[in-house]
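All remarks here apply to the structure that follows.
The values are calculated or read from the model by the stated rules, or taken from the named source; none is laboratory data. Given the structure is predicted, the values throughout are model-derived calculations rather than measurements. So basically every Cβ, Gly included, is an ideal-geometry build from the backbone, and we count neighbours across all protein chains shown.
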Amino acid sequence: MLRKAGPDEPKKYHYHFKHMTTVGEPIEPEVWRWYYDTVGKREAVIVDTWWQTENGGFLCSTKPALDPMKPGSAGPGVPGIYPFILDEEGNEVTAGSGKAGNICIRNPWPGIIQTVWGDRERFVNQYYRKYCKDPNSKDWRDWPYFAADGAVLAADGYFRILGRVDDVINVAGHRLGTKEIESACLTVPEVAEAAVVPVVDEIKGRVPEVYVALQPGLQPSQEINDKILKAIETMIGKIARPKRIHIVPDMPKTRSGKLMRRVLAAISNNLATGDITTLANPDVVEKVREMVQGKELVALADGPEDLKRFGTVD
């Protein structure tokens, strides 16, 4: 959000920060470097924390003046927290392997929620069932906490969070992380924000579709479109080639600045966007919908029965 205000906007203000924090979503390495160089003026330490509301506190973070900073990486587990990564079969992914998996926590800790109000079974199913070794066990070692976030563990013990595991797109048997595709998009200088969502495809099952917002003053062009496509194919491979690239005026966001990817996914798949009244910019949703679907489709598709005519829902 800061970068979209203008790449040199922070230089207009005379401040000197000592400490800057980034929370809420994984920060892309390119954005991290801009944050450090331009906003922090290479003077402020950046703390990139990873945690969830349910956790009651940070799970991974560098400690200022003690741990080196690393662009796009949340860092090691904080004292008392022991994160590790498991694959879908429950095997531990070794540090430095370069393989992504599901980040989990080995041990209980004081801040974790105790249950879900009125639904104890949901609490177990959501956070502990996936990797439980023995459902009858009362030993905490048999119940690792499943955070539902994907991550990579580097050889130095730093965790790079990739986003929700729900955001992984299975393209013809290849698992693609949306955060990695977004990172590739953000290496294009003209791009300020990027979001990647899955779209139904008759042949491949799911394919990525890209939304980008440009730096202030720039207009969409085929040249920028081609740059984005080349960056994705170069950094990830042709398997990650998106179905379409949409250059939009703005992204739907919450008031705290989180990109609402579910809204974009709904638009791409011609589905209802759900409640958007709590967005910081709900008016942008209709603008994006018209760009993607066209005014004719928007006017005709008033409900599920209409959408069937377009082959978009079962």
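Things to note:
- The condition (being outside any strand (DSSP E or B), buried (at least 23 other Cβ atoms within 10 Å of the Cβ), charged (D, E, K, R) and in contact with a strand residue (DSSP E or B) (Cβ under 7 Å, 6 or more places away or on another chain)) is satisfied by just one residue among GLU209, GLU182: GLU182.
- Failed item, numbered, when GLY257 is tested on (1) modelled with pLDDT of 95 or more; (2) loosely packed, with under 15 Cβ neighbours inside 10 Å: (1)
- Within the stretch 153-164, the residues that satisfy the criterion of being surrounded by 19 or more Cβ atoms within 10 Å (Cβ to Cβ) and either at pLDDT below 90 or not hydrophobic (A, V, I, L, M, F, W, C) (or both) are TYR158, ARG160, ILE161, LEU162, GLY163.
- Lone qualifier among PRO68, PRO76 - being without any contact (Cβ under 8 Å) to a residue 24 or more places away in the chain and in contact with a Ser or Thr (Cβ under 8 Å, 6 or more places away or on another chain): PRO68
- Condition check for PRO64: part of a loop (DSSP other than H, G, I, E, B), modelled with pLDDT under 95, within 23 Å of the chain's Cα centre (by Cα) and surrounded by fewer than 19 Cβ atoms within 10 Å (Cβ to Cβ): no
- Once the stretch 215-237 is narrowed to residues that are in a loop (DSSP other than H, G, I, E, B), over 21 Å from the mean Cα position of the chain (by Cα) and of a type in the set (S, T, N, Q), the residue that is surrounded by the fewest Cβ atoms within 10 Å (Cβ to Cβ) is GLN219.
- Unique match (being over 16 Å from the mean Cα position of the chain (by Cα) and among the aliphatic types (A, V, I, L, M)) among VAL165, VAL196, VAL212, VAL207: VAL207
- Residue in the stretch 74-93 that is over 23 Å from the mean Cα position of the chain (by Cα), surrounded by fewer than 18 Cβ atoms within 10 Å (Cβ to Cβ) and among the polar types (S, T, N, Q) present: yes
- Search result, residues across the stretch 114-129 that are within 22 Å of ARG141 (Cβ to Cβ) and among the β-branched types (Val, Ile, Thr): THR115, VAL124
- Within the stretch 266-283, the residues that satisfy the criterion of being aliphatic (A, V, I, L, M) and surrounded by fewer than 20 Cβ atoms within 10 Å (Cβ to Cβ) are ALA266, LEU271, ALA272, ILE276, LEU279, ALA280.
- Some residue of the stretch 44-53 being surrounded by fewer than 19 Cβ atoms within 10 Å (Cβ to Cβ), assigned to a helix (DSSP H, G or I) and without any contact (Cβ under 8 Å) to a residue 40 or more places away in the chain: yes
- In the stretch 238-251, residue nearest to PRO189 (Cα to Cα) [restricted to those that are of a type in the set (Val, Ile, Thr) and assigned to a strand (DSSP E or B)]: ILE247
- Residue count for the stretch 111-143 satisfying the condition of being part of a loop (DSSP other than H, G, I, E, B) and farther than 13 Å from GLU54 by Cβ: 14.
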